[in-house]
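Q: I am attaching a structure below and will ask some questions about it afterwards.
The values are calculated or read from the model by the stated rules, or taken from the named source; none is laboratory data. Model, not experiment: these values are computed from the prediction. Quick reminder, even Gly has a Cβ in these numbers, built from the backbone with ideal geometry, and neighbours come from all protein chains shown.
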Amino acid sequence: MHRVGSVATSAPPAPPPALAPDPHVWREFGALLRHWRRRAGLTQAQLGAGIGYDHTAVSKIEHGTRRVAPRLVDRIDGLLGAGGELAAAGLRAETAGMSPLGPFAPGVLRPPLPGGGSGDPVGSPGAAVAPARLPDYGLLCPLHDAEGCAVPPPDELIARYTEFCTADPATGAPLDADTAHALAGLLAAQLRAAEAGVHPGLVAAVERTLHVVLARLAVAPAAQRRPLARLAAEHAHAAGALRMQGGRSATAMACFDRALLWAELAGDQATQVGTLSDLSVLARLDGDPAAALGYAREIDRVAPDRPWAGAMGRVSQARARALTGDVRGTVRQITLARAELEHIDARDEADVPWLSIASMRLRVESAAAAALRDLAAAVDDPRLARRALAATETALGLLGPDQLPASRLLFTVRAADCHMCAHDPRAAVELLGPALETVPVGAVPALVGHELRGLCERLAPYEPQAARQLAELAGS
């Protein structure tokens, strides 16, 4: 444990004048500082004494309302034994406020994929289904965060979007509030359409918007960098998620990599956590549990002391560990994830107001079910399969009858696989029949297809005809 040494009794030097930093830029640093201070067993007053500040100055730093000079950041990093993590976070905060012509260009502004997309971004699903307000579907307003704001009505939304996309980036008007709301609202509508199975043109539309946002970011004044970087991060993450749903892992990885960069620039913890979670999924699909575990652990770094993020990181770790047959590690991470749900408070709801307790529980139970199913398959333990089935049924019960049809199909396939892992192939086939009879061949989402292929392998020795039919449906 690191402790502060003795301090001279003379009056401490006055801290430099506050520079009124953007709290979003320094919030990550403040949260990480709090994490390392508590790990060292120090109070704010003790840390302040060690660096010559009073406790109120330390409190402002931890809340992201005070900039910290680089030399002081390095001193704090060494004092708390942070191994360079605080120094790196301080550098990110410093550089986030630089001119767009600074060291970020050109690499930071490189799009994940070449080209600018094609098609009509507002033609599918259309502006008419955009939300009336933000936050919505996991998207915060890039200007007002969790405060909530109105999305322009459909006609105005289309006009503002068109003007934003067709204007010369160098001479066009700065990003105003209504245009920012229109861009985020349209993206929410596109993601809802994808969840409902409406895919044509969505990826191209999202990526076209991303290219336009990046063109603006390249010439934007410093004051507009954060909201534009946040829009870039959200669109890159959405493009990656859509490509992952379509089974395009390589291009999804490219999109996620850029989303992480822009989300870090914008101080957007929600997009960072969501992207890392999806990267862990991609690694699991590639059969790489070590990489999946690495991405899951990274969630703790980008959002320390946040129970909602802790829950997502723990279940991602559980899923990675399950692939290796680590019974103790998997069950422990599931237990910790469920415990994190008990600690979500008003601060978490302010960070991610769209992530309600109910939706967090749905995510945790769904991932717990998948981890226990994978574990049951790896070690051939029917008891674990029955626990996985209970968690799957809990997740299904948390969905409304018309909510998230793709997720309902995924959970149903997973429940059938739990029966299979419990050595009950007949129950698996009986459950799957009604769920899959209306799904056309070739129309199964990629993640559902992945689950089906695993089930087919386990089912083939017992019900070969049913296994062949499911393999055809899964596209294998």
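Q: Applying the selection to segment 293-325, what residues are acidic (Asp, Glu) and touching a residue at least 40 places away in the same chain (Cβ under 8 Å)?
A: Asp305
Q: Would you call Asp402 among the charged types (D, E, K, R), over 12 Å from Ala368 (Cβ atoms) and buried (at least 18 other Cβ atoms within 10 Å of the Cβ)?
A: Criteria not met by Asp402.
Q: Let me ask you something else. Test Val413 against the criterion of being part of a helix (DSSP H, G or I) and either on the phi < 0 side of the Ramachandran plot or out of contact with any Pro (no Cβ under 7 Å at 6 or more places or on another chain) (or both), and give yes or no.
A: In short, yes.
Q: Turning to a different aspect of this structure: Can you pull out every residue in segment 264-309 that is assigned to a loop (DSSP other than H, G, I, E, B), of a type outside the set (Gly, Ala, Ser) and buried (at least 20 other Cβ atoms within 10 Å of the Cβ)?
A: Those that are assigned to a loop (DSSP other than H, G, I, E, B), of a type outside the set (Gly, Ala, Ser) and buried (at least 20 other Cβ atoms within 10 Å of the Cβ): Asp268, Pro304, Arg306.
Q: Please go through segment 162-188 and pick out each residue that is assigned to a loop (DSSP other than H, G, I, E, B) and among the hydrophobic types (A, V, I, L, M, F, W, C).
A: Of everything in segment 162-188, those that are assigned to a loop (DSSP other than H, G, I, E, B) and among the hydrophobic types (A, V, I, L, M, F, W, C) turn out to be Ala167, Ala170, Ala173, Leu175.
Q: Go through (1) among the hydroxyl-bearing types (Ser, Thr, Tyr); (2) in contact (Cβ under 8 Å) with a residue 12 or more places away in the chain; (3) surrounded by fewer than 23 Cβ atoms within 10 Å (Cβ to Cβ) one by one and return the number of the condition Thr392 breaks.
A: Unmet for Thr392, out of (1) among the hydroxyl-bearing types (Ser, Thr, Tyr); (2) in contact (Cβ under 8 Å) with a residue 12 or more places away in the chain; (3) surrounded by fewer than 23 Cβ atoms within 10 Å (Cβ to Cβ): (3).
Q: Among Ala159, Ala93, which is modelled with pLDDT under 85, surrounded by 14 or more Cβ atoms within 10 Å (Cβ to Cβ) and outside any loop (DSSP other than H, G, I, E, B)?
A: Exactly one of Ala159, Ala93 is modelled with pLDDT under 85, surrounded by 14 or more Cβ atoms within 10 Å (Cβ to Cβ) and outside any loop (DSSP other than H, G, I, E, B), namely Ala93.
Q: Here is a list: Asp145, Asp168, Asp176. Which entry is of a type in the set (Asp, Glu) and within 16 Å of Ala233 (Cβ to Cβ)?
A: On the way: Asp168 fails: within 16 Å of Ala233 (Cβ to Cβ); Asp176 fails: within 16 Å of Ala233 (Cβ to Cβ).
Going through Asp145, Asp168, Asp176 in turn, just one is of a type in the set (Asp, Glu) and within 16 Å of Ala233 (Cβ to Cβ): Asp145.
Q: Any residue at all in segment 213-234 that is touching a residue at least 12 places away in the same chain (Cβ under 8 Å), in a helix (DSSP H, G or I) and under 20 Å from His450 (Cβ atoms)?
A: Looking only at segment 213-234, we keep the residues that are touching a residue at least 12 places away in the same chain (Cβ under 8 Å), and these are 213-222, 224-234.
Adding the requirement that they be in a helix (DSSP H, G or I) leaves 213-219, 222, 224-234.
Still in the list and also under 20 Å from His450 (Cβ atoms): none.
No: zero hits.
Q: Residues to consider are Ala218, Ala223, Ala252; find the one that is in contact with a Lys or Arg (Cβ under 8 Å, 6 or more places away or on another chain) and either more than 18 Å from Asp300 (Cα to Cα) or basic (Lys, Arg) (or both).
A: Values: Ala218 fails: in contact with a Lys or Arg (Cβ under 8 Å, 6 or more places away or on another chain); Ala223 fails: in contact with a Lys or Arg (Cβ under 8 Å, 6 or more places away or on another chain).
Criteria check complete, one pass: Ala252.
Okay, residues lined up against (1) among the polar types (S, T, N, Q); (2) at pLDDT 90 or above:
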site	(1), (2)
Leu231	no, yes
Ala259	no, yes
Gly267	no, no
Thr275	yes, yes
Gln317	yes, yes
Arg328	no, yes
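Q: Can you tell me which residue among Pro103, Pro125, Pro121 is modelled with pLDDT under 55, part of a loop (DSSP other than H, G, I, E, B), surrounded by 15 or more Cβ atoms within 10 Å (Cβ to Cβ) and touching a Ser or Thr at 6+ places or on another chain (Cβ under 9 Å)?
A: Result of the check over Pro103, Pro125, Pro121: Pro121.
Here is a yes/no grid of residues against (1) at pLDDT 95 or above; (2) over 13 Å from the mean Cα position of the chain (by Cα); (3) within 20 Å of Thr392 (Cα to Cα):
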{"position": "Ala309", "(1), (2), (3)": "no, no, no"}
{"position": "Ala320", "(1), (2), (3)": "yes, yes, yes"}
{"position": "Val331", "(1), (2), (3)": "yes, yes, yes"}
{"position": "Thr335", "(1), (2), (3)": "yes, yes, yes"}
{"position": "Arg347", "(1), (2), (3)": "no, yes, no"}
{"position": "Ala358", "(1), (2), (3)": "no, yes, yes"}
{"position": "Ala369", "(1), (2), (3)": "yes, yes, yes"}
{"position": "Val379", "(1), (2), (3)": "yes, yes, yes"}
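Q: Here is a follow-up. Looking for something under 18 Å from Arg306 (Cα atoms), part of a helix (DSSP H, G or I) and at pLDDT below 90 - is there at least one such residue anywhere in segment 49-60?
A: yes
Q: Can you go through Arg110, Arg133 and tell me which one is surrounded by fewer than 18 Cβ atoms within 10 Å (Cβ to Cβ), at pLDDT 75 or above, closer than 23 Å to Ala233 by Cα and in contact with a Lys or Arg (Cβ under 8 Å, 6 or more places away or on another chain)?
A: Numbers: Arg133 fails: in contact with a Lys or Arg (Cβ under 8 Å, 6 or more places away or on another chain).
Checking each option against the conditions leaves just Arg110.
Q: Kindly indicate whether Ala318 is more than 16 Å from Leu375 (Cα to Cα) and part of a helix (DSSP H, G or I).
A: Judged against the criteria, Ala318 is not a match.
Q: Right, next: Looking at segment 214-251 only, could you name the residues that are hydroxyl-bearing (Ser, Thr, Tyr) and either in contact with a Cys (Cβ under 6 Å, 6 or more places away or on another chain) or under 15 Å from Leu276 (Cα atoms) (or both)?
A: Within segment 214-251, Ser249 is the sole residue that qualifies.
Q: Related question: Of everything in segment 212-223 that's in contact with a Gly (Cβ under 9 Å, 6 or more places away or on another chain) and under 19 Å from Leu157 (Cα atoms), which residue is surrounded by the most Cβ atoms within 10 Å (Cβ to Cβ)?
A: Val212
Q: Anything in segment 400-425 that is within 21 Å of Val379 (Cα to Cα) and charged (D, E, K, R)? List them, or say none.
A: Our first condition is that a residue be within 21 Å of Val379 (Cα to Cα); within segment 400-425, this holds for 413-425.
Listed by number, the residues that qualify are Arg414, Asp417, Asp424.
Q: Just to be sure, is Leu143 over 26 Å from Leu447 (Cα atoms), at pLDDT 90 or above and touching a helix residue (DSSP H, G or I) at 6+ places or on another chain (Cβ under 8 Å)? Please lay out each step first, then the result.
A: Values: over 26 Å from Leu447 (Cα atoms): yes; at pLDDT 90 or above: no; touching a helix residue (DSSP H, G or I) at 6+ places or on another chain (Cβ under 8 Å): yes.
Here the answer is no, as Leu143 does not meet what is asked.
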